[in-house]
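All remarks here apply to the structure that follows.
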Amino acid sequence: MRRLSIRNKMMILVSIITSISLLFIGISSYRTAKQQIVNALQQNATAKVLSRSYNLSAWIETKLAEVEVMSRTNQIRDGSPSERMDYLRKEVERSKGVFYDLGFAGLDGSLTLTSGEVMNISSTSTFQKVIHGSSVVSDVFRGSPPGGGMMFTLQVPVYGDDEQMIGILSALMSVESSLKLHTDFRVGSADTIMMFTRDGTIIYHPDAWMQGYANIRHADSPLKEIMSEILTNEYGYTETVKGTEEQLIFYTSILGTPWHMVLQVPIQEFEKPLNALLVKTVLTIMVLEIVMLWLITVLFNREITRIREITSVTAKAAEGQFDIPPIEVDNEDEISTLARSVNGMMVQLKGLFERLEAIINQNDFAIISLDSNYKINYFSKSAEKLLGYTAEEVLNKETPLLFHDPEQIKELSVQLTKRLGRSVPPDLSVFRELRNIQFSYDRDWYFIRKDGSRVAVSHNSNGVRDREGRFIGVVAISRDITEQVRMREELLQAKLAAEEADSAKGAFLARMSHEIRTPLNGIIGLSQLMQKTELNDIQNDYLRNITNSAQTLLRIINDILDFSKMEAGKFELDQTIFHPEDCIQKLSETISVFLGGKEQFELIMETPERMPNGLIGDPLRLEQVLLNLCSNAVKFTPRGHVTVRIEILEELPDSVQLRFSVNDTGIGITKEQLDHLFEPFTQADGSTSRKYGGTGLGLVISSYLIEKMGGTLEVDSEFGVGSSFHFTVRFKRSKQSGMVQYRLAHAGEPVVWVVEDSPAMREHMCGMLLSFGMKPYFIPSWKEAYARLQRDNPREAGCHIAIMDMEMPDMYGQETWRGFHKAASDAGIITLAMTTVFGREEMLGMPEEDRPDGIILKPFTRPELFRTLEASLTRFAATIDHQETSLGPSEHKPLLPKAKQILLVEDHEINQQVACEMLQQHGYEVEIAGNGKEAMIKLEESDWDLVLMDIHMPEMDGCETTEMIRRNPRYDHIPIIAMTANVMRNDHEHYVRLGMNDIITKPLEPEAMFATLRKWLRDSGRPSERRPYSGQEAESALPSVEGIDVRKVINRLNGKLSIFIQMLKTFERDYVDFHTQFQQAVEEGRDNEALRLVHTLKGAAGNLAAGQLETAAGRLETVLLATGDVDPLSLKKAMEEVESSLKQLLVSVHSTLHSPDGP
């Protein structure tokens, strides 16, 4: 179609349009004529059917009238039977076959025919109608003998002279002879005419065999579907289908009879006259089409010639020839308009190309065009000037390799070879591969001029495609950038110098901060230690000033370093799992050192009753913000209170929005000061800085951190009244996130006396105590509390705990405390001292009998207060009810600082039981992880002070776990202590290289283990709340288990016989099928699994003090660890020894556990 000329395209188009039009007209005319002819034929057929039906009805009516005339003759009315028969025979002969037979019937229904046949018709419906005086045409019936033709009768009543009915005259008529005359007509050659009764019986049909036998109601009859329509309507026509042939059915009822006439005409019979019309229509359309094509050809030839003149001019213009004569225009049609337009276009193009040539060749941009083979086919004047070559030297001869730097081409070839994984030679292939990577690109090149000098250019290369998308060449534009390259290098040198200076500044700050902070931390630590020695008042004052000054200097250094990071944009927030209450707890512990020396001052930590945990964020930076805001509030509040509050604004399944606020009743801030509050190195005013100190960076850093968290630090303040700093942050929730709520499990509502004079603190404590399920009762002074204690019986009144504020005005020192504590103890009341860090040291320095049952450090948090109260009630209940389950009695001790958190990573249940009991009896809080994967999860969930790591575990062993922990800088501060039954020095050195800090060998010995823990936890441990088991108590109660040193195990468990029994049960459960598991691992070649099983057995035996089994398991482990192939004999011998020792021990354990007298 693309190669056809316009003339041919127009002829085809016009042919299609005219053909469609003529075809549409012809079809419409044909359909109209067809419809008219069909309608005429249908009307004709309907008229014929109605006419024949009317004629038949009239003929039957005439014959019925003739029979009625016969019935009135004297021969019939008055004659004898023989006379009647003679008369009727003559009438039959006279009818010349119209009447097949005549007969007379009495009123009893006995009918005698002229043929001599006698029959009784009294039971027929026709007889009944005639008896009532009607002349009737009967239904069709088959005559006798059987197989005879179809007959019907005309029956009329016969009346005597007295007008009384004396009989019936019956005329028997043949259907064939009677109806044939009236059905002998045709519409087409394949018509079918039939008649049938109301019940569908065909009484007339061209096929005589169907008369009386066929019924149009039968399933195979095409008239079955329209039977109801035929019986309902007097006449009409409809369509139906006979087989695959469509038919028109014309129908009518025969008046005066129970019959219907139907004419079946195939539709194709109606369409036969239309065939000639169709042929004429098609021929007419073809003739008209041929005539139109001839006319179009004649008319188009002249116009096509004019168009060819125009295309000739445009073809020359495409070749760049604009100096040609214009096209002649001799009329005003569209082609003339096009010719004028082309003439004008030629003038415009000539001017445009002349200007474009000037633009291309009169600027600093070298334009070079290449063909698809990278041969130069255009070389502008600017390119000649830039490179020194003339167009004649390069056009259609050279490629860009002529002037590209060969070294650059080689370097790019190497880079592309590495990138694409295949060889790219240093030739035109480099340009082709660059084009494949990016069809059009910009890059900087070095070109080599004709004189050999190098020039730096900015090169823009644009690939060109044709309409089919095929690559046909390149258009490249290059510009000399030698001067820009020189300036860029100078800027780069300046930038490097600036970065070096900045790096030097950062290194200096880091080095100096380290050098300053190291001695500062030493000064602070030594000062705190010295404060615990005996000093006079002046020395204490000097030492306190030294400590405060050192801490202030440390905070200033930290602020300057943070601000430096903030300015450099290197301040990044961690995204770890943390618990907001832990942040508040750490904040309270840190801020507590600032509370010394303040009178009539309270710091309140207020958190919601239900607190979310397992949030994702940066807890260290959140603590830094809160600490800065809180320390400022404490600093600028001489008296009154500071409230740190957390509120839940919105709780969603995947996130929580929290509002943090720090409110104080301090000096406040003026509006003018607020405008400059968040500027670096700025405080409220100069006097503030002189009086309170500080760098003025804290709020700037805090505001920056809050913005990084997605919030905004806002402040409301009134001078002389106080300030409120608040911000809102949304934290994502981890999969382990939930809501924590504290509620005492003790029965009833324990009554708590709170001796506190601050209204704000009383309100705060009231809310928390009520949420714990306790009943608070507030007393405003020590004096009143002591008087009430002397006057009433607090235990009978339900008082369980007395919380005493040690900083109240009428608290006069240790004598006041001793008097109240003794009275409370005598009354059975738990005493809790509420004091600061400095007050705690004084309380712990008192004799043991004068110490409080617990100490609540100000400021306290909701979980800290809850744990203190719960522990106090639990210890008190245990003392009263004597429910201690160990073999040794318990000893009541005052509440001490928070226990160290230890994560025990151990897969074996016996080892878990022994280690947990030993650690818990020394006051450590322990949580168990069954393997390395669980340990990684628990490290994310909580903060830990130390990790005890078993080596051999399923899924992830201790070595793999340690490597993963040490990859994360967050856990660098956590000591990892290996627990292993392996005593090989090389293995111990390997554990240390992996990142473990120390090794404890199994079985665990208390002295060695706790010495190691004290070394790495840097504390003296938490003394047990139970005195150690001496070994002399209840000696006779110890069970005897052959193969186990029971006394040694009980010593480790601090006398916990119940735990020892549980260890025996666990050992029996875990090792009853040890031999099968081990044998299967060896046979299947799972050497590591076999070694793990033996190593675990060895550790379990050691913890149970089963020396013989431990030794045997150790020998088997040595055999398995031997280098090279394992000696089968040695392996068998070691296995038999283990099996024998294990079997004996299991028998002994089973006997002990299932003894009738109990273990």
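Averaging 1/r over each pair of different alpha-carbon atoms in the range 939-1007 and inverting the result gives 12.5 Å, the Kirkwood hydrodynamic radius. Taking each residue as 0.36 nm, the span from ILE37 to SER341 lengthens on full extension beyond its C-alpha to C-alpha distance by 103.6 nm. Using modelled backbone amide H atoms (1.01 Å from N, in-plane), which distant-in-sequence or interchain residues come within less than 5 Å of GLY167's amide H? Here the answer is VAL158, since their amide H atoms fall under 5 Å of that of GLY167.
Between amide H atoms placed 1.01 Å from N, distances below 5 Å from ASN377 occur with SER369, LEU370, ASP371, ASN396, all of them 5 or more places distant or on a separate chain. Cross-link check: pairs LYS48/LYS280; LYS735/LYS1015; LYS418/LYS732; LYS732/LYS900 evaluated at a Cα-Cα cut-off of 32 Å; pairs beyond the cut-off: LYS735/LYS1015; LYS418/LYS732.
The calculated FRET efficiency for the pair ASP826 and GLU927, based on their C-beta separation and a Förster distance of 56 Å, comes to about 0.90. Tally Lys/Arg at +1 and Asp/Glu at -1 over every other residue whose Cβ is under 15 Å from the Cβ of SER123; what's the total? So the surrounding residues net to -1. Under the classification rounded if a/c is under 1.5, otherwise prolate if a/b is larger than b/c and oblate if not, where does the range 900-1021 fall, given a ≥ b ≥ c as square roots of the Cα gyration tensor eigenvalues? Rounded, because the longest to shortest axis ratio a/c is under 1.5. Under 5 Å from the amide H of ARG142 lie the amide H atoms of MET151, each residue being 5 or more positions distant or on a separate chain, with H modelled from the backbone and absent for Pro and chain starts. Judged by the ratio a/c of the largest to the smallest principal axis of the C-alpha gyration tensor, the range 35-131 counts as prolate, that ratio being 1.5 or greater while a/b is larger than b/c. Calculated FRET efficiency, ALA58 to LEU231, Cβ-Cβ distance, R0 = 25 Å: about 0.65 to the nearest 0.05. For the range 1100-1118, list residues with backbone N below 18 Å from a point placed 7 Å from the Cα of ASP1045 toward its Cβ? Output list for this probe position: 1100-1115. Determine the shape class of the range 72-178: with a ≥ b ≥ c the square roots of the Cα gyration tensor eigenvalues, call it rounded for a/c under 1.5, and otherwise prolate if a/b is greater than b/c, oblate otherwise. The shape class here is oblate. Placing dummy labels 7 Å off each Cα toward the beta-carbon, the span from THR311 to GLN790 is 12.9 nm.
Label 7 Å along Cα→Cβ of GLN484; the range 450-477 residues with amide nitrogen under 12 Å? Only 456-460 fall inside the zone, counting backbone N under 12 Å.
Place a point 7 Å from the Cα of ILE437 along the Cα-to-Cβ direction; which residues of the range 404-421 have their backbone N under 11 Å from it? Flagged as within label range: 412-421. Cross-link partners for LYS375 among the lysines, with Cα-Cα distance under 17 Å and sequence neighbours closer than 8 places in the same chain left out: LYS397. The simple spin-label model puts a point 7 Å past each Cα toward its Cβ; for ALA1011 and ARG470 those points are separated by 9.1 nm. Using 0.36 nm per residue and subtracting the Cα-Cα separation, the extra length available between SER115 and THR244 on full extension is 41.5 nm.
With a simple spin-label model that places each label point 7 Å from the Cα along the Cα-to-Cβ direction, the separation between ILE20 and GLN75 comes to 8.4 nm.
A simple charge model with +1 on the Cβ of Lys and Arg, -1 on the Cβ of Asp and Glu and nothing else charged puts the dipole of the range 572-741 at about 240 debye relative to its Cα centre. Looking at the range 373-414, which trypsin sites (Lys or Arg not before Pro) are in a loop (DSSP not H, G, I, E or B) and have at most 10 other Cβ atoms within 10 Å? Taking the range 373-414 and a limit of 10 other Cβ atoms within 10 Å, the loop trypsin sites (Lys or Arg not before Pro) found are LYS397. Restricting the trypsin sites (Lys or Arg not before Pro) of the range 130-233 to loop positions (DSSP other than H, G, I, E, B) with no more than 15 neighbouring Cβ atoms within 10 Å leaves ARG186, ARG198, ARG217, LYS224.
Read the figures in this text as sums done on the coordinates, not as results from a lab. Since this is a predicted model, take the numbers as computed values, not measurements. FYI the Cβ positions are ideal-geometry reconstructions off the backbone, even for glycines, and counts take in every protein chain you see.
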